[in-house]
Structures are given as C-alpha cells and as structure tokens.
Amino acid sequence: MTTVRDDALGRILRDHRLQTVFQPIVRLDDGKTVAFEALVRGPTGSRLASAPSLLAEAYRTGRVVELDWAARASACRAALAAALSPVVPLFLNIEPLALDSKCPDDLREDIDAAYHRLQIVLEVTERSLDRDPRSLLDGIAQVRGTAGALAVDDVGANAGTLSMLDILEPELIKLDLQVVQSKPTAAIAKILDCVYAESERTGAIVLAEGVQGARHARVARSLGAMLAQGRYFASPAPMPIRPQPPAQPLVVRSRPVSAVQTPFEAVRGRPMSRATARLLFPLGLQVAYGGVDLIESATLLALFPSPHMFGHTERDNFSRLARQGVLAGVLGPGIEAHPGGGIRGGQLDTDDPLNYEWAIIGLSPHTAGAMLARVIPGTRSEFEFAVTHDRQRVLAAARCLLRRLGPAEGRSPTDVTWDGG
C-alpha cells in the first residue's frame with residue numbers, strides 16, 4: 001500500500017520539482033571554466049533536498065530509473081535555458097540501472113534537444129562498475145553513440161574495479177576526492193599507476209575532484225590532472241545565462257571501442273595452429289596465470305567447451321583470486337549462474353555459438369593475454385587456436401565474455417553512491 005511518505009518522491013517527479021545546479025570544471029593551468037557538471041537536488045527545505053536522500057528514496061520506492069531520467073531532463077532544460085555553448089561540455093551523471101531503459105515520452109523532447117545542441121559527457125560512477133558488467137556494457141554501448149564522450153567518476157574509491165577502466169575505455173577519468181585529499185600511500189600510488197597507464201594508452205583526460213583549497217590544487221597538479229573541480233574554484237550553483245565559453249575550449253572526442261560477437265573473432269586474421277585439449281589446457285593456464293599480473297584490479301575470464309574442464313582445482317584457483325580482488329568469471333555449457341566463491345558465472349543456451357569455443361583471458365592494468373580456440377568442424381577434440389598478448393584483441397574478447405556474465409552475488413545496488421544530474 002502506498003503511503004503519503006511513499007509518494008513524496010512521486011509528487012516531486014510528477015510536478016517537475018527537481019532542481020539542477022552546476023559545478024564548473026576548470027583547466028588547472030589557468031583556472032578557466034571549460035565544462036559544467038549537472039547535479040540534481042530535491043526541493044529546498046524538504047527531506048529529499050539532497051542527492052543521497054533522493055536516491056535512497058528512489059531505491060526504497062522502486063523509482064530509480066524514473067528519477068534518473070527526470071534528473072537528466074532537468075539538467076538538459078536548465079542548460080538549454082541558460083544557452084550553454086556547444087563548445088562547453090555538459091557532464092550528466094547516469095545511474096547504471098537506467099542505462100538500458102527507454103526515455104519516457106514526456107521527457108524525450110528536452111533530452112533530445114540537449115543531445116543535439118550540446119556536447120554531452122555521460123558520467124558513470126566507478127563504485128558501480130564491477131557489480132553487473134553485463135548490464136553496464138550493454139547500456140554503455142546503447143548510449144555512447146548519442147553522447148560526445150564517457151567519463152568514469154570516483155576512480156580510486158574502489159581499487160578492485162580499476163580493471164574496468166580498460167574495458168570501458170573512457171575519454172575522461174575523474175579521480176575520487178580521497179585520492180586528492182589523502183596523504184600519499186601505497187594504495188593511492190597503485191591507483192595512480194593504473195590511471196597513468198590507461199591515460200597513456202588511450203589519451204584519456206584526468207580530472208581531479210574534491211579540490212577544496214590551494215593545497216588540493218597543488219596535489220591535483222602533481223597527480224597529473226589536467227582538469228579539476230571543487231569548492232576552491234566554485235561551488236555548485238544555478239548556471240549563469242550565456243556563460244562565456246573559454247578562449248581554448250576543451251576538446252573531448254569519443255573513440256570507437258572494439259567489439260566482437262565471439263572471443264575467437266578477436267584473433268581473426270591471425271595465423272592459426274591446431275591442437276587437442278591436452279596441449280591447450282596447460283597453455284591457456286600459462287597464458288592467463290603466467291603472463292598476466294593477476295592481482296587486485298585484474299580480470300580473469302574463462303569459456304570452457306565442457307563443464308568437466310572447470311574442475312575442483314580450477315574452481316579453487318578462481319575463487320582464491322576472486323577473494324584477492326580479481327574479477328573472476330566462468331562461462332560454458334553446464335556452468336552455474338552463480339558458481340560460488342565470489343566467481344561470476346554465465347549459462348549458455350544449447351544453440352549459442354560460444355558453445356564451440358574455448359577461451360582463457362587474463363587482463364590487468366599493465367599486462368594482457370588470451371588463448372582463444374574453436375572446435376574444428378568434423379572433429380570432437382581438435383581445435384584451431386591462437387595466443388595473443390595484443391591488448392586490443394584481448395580487450396575485445398574480454399568484453400564479449402563480460403556481456404554474458406551475471407551480476408556479482410550478494411551485491412546490492414544501494415551500495416552505490418550518487419550525486420545525480
């Protein structure tokens with residue numbers, strides 16, 4: 001039964017009473033505003049005035065997707081009303097649960113107009129990246145073509161999800177305020193090392209959040225950030241009418257992300273070898289275990305043509321790595337959806353083309369390797385295969401398998417924090 005308390009958020013959404021404020025994003029070398037991040041708020045003075053209270057209420061009442069679209073529409077309306085220049089990017093936060101949902105008809109006009117006239121950067125939080133990679137990747141693929149770029153927020157809040165930076169290949173990486181405001185530690189150094197590696201490979205722009213004072217600004221520069229935001233530069237506020245565009249606009253270009261239908265397609269065009277399972281099994285394990293740094297923030301994925309290949313030894317190894325922070329996933333005929341021990345699982349239909357393939361993939365911020373094989377037609381136990389350490393090929397194969405894995409067992413969406421917008 002819906003109570004008056006339950007319907008508080010409903011009334012806010014129906015009456016379009018969400019408020020949007022904008023925090024400037026500045027270029028660190030000159031302090032000039034080059035972009036804005038939209039942040040949603042509830043009605044002033046209400047119990048739902050803050051973004052965290054809005055999200056908590058949305059989860060409690062099952063309105064997460066509805067709130068996300070309403071927040072985006074509110075931000076788009078406000079930016080258009082202020083005549084934001086198309087050379088000034090507008091950062092919009094996206095709740096992962098809403099990524100693969102359809103825009104409500106009554107909000108479509110405002111959102112479509114903003115996406116057409118403005119430079120949109122879609123922003124997902126790093127805290128959500130490893131909960132449900134399948135939904136995340138599918139959703140990002142649907143919306144990425146409509147936006148100018150992708151940003152990953154709160155990087156460093158959860159070191160165990162750093163491997164997803166590689167998988168998503170964002171155009172912008174936003175360092176969590178803890179990285180900027182805390183004293184240097186080995187953990188922060190590891191986070192920065194991963195960020196530097198991704199930025200060097202792809203050209204991703206690094207943005208420092210939580211810059212509250214001059215010391216934080218100095219730290220942000222020393223961390224290699226090009227952009228920053230925080231109260232030291234400006235607090236969130238209504239957007240000024242016709243904000244002056246910078247003399248040197250921020251240029252953020254979306255990059256194509258490689259994708260394949262099956263892992264074996266990632267090595268198409270490579271010379272192939274032939275072998276039986278007797279060779280391929282130890283070879284695949286050597287590629288993944290011996291050639292890749294399987295530590296926290298790494299990914300280990302396997303696609304087995306037979307459930308018997310995922311025996312007690314392999315299950316124990318995958319579970320041990322999962323406990324150490326590795327994103328470990330296994331797929332194949334007869335594989336459970338939740339194998340236990342922190343392992344992600346994925347069942348395949350009998351007519352799935354992946355049933356005829358074998359893949360063992362290891363991926364870390366600095367290393368990558370895969371053994372990718374396919375059953376030779378007309379044989380039962382002979383495979384054509386290739387081993388690759390080409391990062392783009394390994395990434396394409398890994399994305400293919402991650403799209404088939406189920407969500408992490410025991411993880412709740414309410415573990416994710418959100419600032420809205």
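The values are calculated or read from the model by the stated rules, or taken from the named source; none is laboratory data. Values in this document were obtained by computation on a predicted structure and should not be read as measured data. Cβ sites come from the backbone with ideal geometry, for glycine too, and all protein chains shown count toward neighbours. When the accessible area is computed, the model is the full protein with side chains, heavy atoms only, and any ligands, DNA or RNA have been set aside. Shrake-Rupley method; radii C 1.70, N 1.55, O 1.52, S 1.80 Å.
If you work out Cα extents along the principal axes in Å from the coordinates, which of [x] 69, 55, 38; [y] 63, 50, 44; [z] 98, 45, 40 do you get?
[x]
What accessible area, in Å² to the nearest ten, does a 1.4 Å probe give for Asp153?
Near enough 10 Å² of accessible area.
Which helices of the chain meet both criteria: a Cα extent of 18 Å or more along the helical axis and a mean Kyte-Doolittle score no lower than 0.0, with helices taken as whole DSSP H segments? Could you put the intermediate results ahead of the total?
Values: long enough: 64-81 (26 Å, 0.74); 105-117 (19 Å, -1.47); 186-202 (24 Å, 0.29).
What comes out of the filter, once short or polar helices are dropped, is 64-81, 186-202.
How many Å² of accessible area per residue for the stretch 145-303, probe 1.4 Å?
Values: 7210 Å² over 159 residues.
Each residue of the stretch 145-303 exposes 45 Å² on average to a 1.4 Å probe.
Starting from the Cα-Cα distance between Arg11 and Lys32, subtract it from 0.36 nm times their residue separation and give me the gain in nm to one decimal. Could you put the intermediate results ahead of the total?
Details: separation 21, 0.36 × 21 = 7.56 nm, distance 3.89 nm.
Here the answer is 3.7 nm.
At a 1.4 Å probe radius, carbon and sulfur cover how many percent of the accessible area of the chain?
Carbon and sulfur: 51 percent of the exposed surface of the chain.
How far apart, in nm, are two points set 7 Å out from the Cα along the Cα-to-Cβ line at Arg215 and at Ala141?
About 4.7 nm separates the two model spin labels.
Given a Förster distance of 51 angstrom, what is the FRET efficiency for Arg274 paired with Asp100, based on the Cβ-Cβ distance and rounded to 0.05?
Working: r = 40 Å, r/R0 = 0.78.
After rounding to 0.05, the efficiency reads 0.80.
Counting DSSP beta bridges with both partners in the chain, what percentage is antiparallel, nearest 5? Numbers along the way, then the final one.
Details: 34 of 62 bridges.
So the antiparallel bridges in the chain amount to around 55 percent.
On a C-alpha basis, how far is the centre of the stretch 233-300 from the centre of the stretch 192-211 in Å? Whole number, if you could?
14
DSSP loop (so not H, G, I, E, B), at most 10 other Cβ within 10 Å: list which trypsin sites (Lys or Arg not before Pro) in the stretch 132-224 pass both filters.
Details: sites: Arg134, Arg144, Lys174, Lys190, Arg201, Arg215, Arg218, Arg221; in loops: none.
Sparse-neighbourhood loop trypsin sites (Lys or Arg not before Pro): none present.
Could you tell me the center-to-center distance, by alpha carbons, between the stretch 118-156 and the stretch 29-104 in angstrom?
Their Cα centres are 14 Å away from one another.
Could you report the stretch 1-105's accessible area per residue, 1.4 Å probe, as an integer in Å²?
Numbers: 4230 Å² over 105 residues.
So the stretch 1-105 comes to 40 Å² accessible per residue, rounded to a whole number.
Simple spin-label model, 7 Å along Cα-to-Cβ: Arg60 to Glu382 in nm?
6.6
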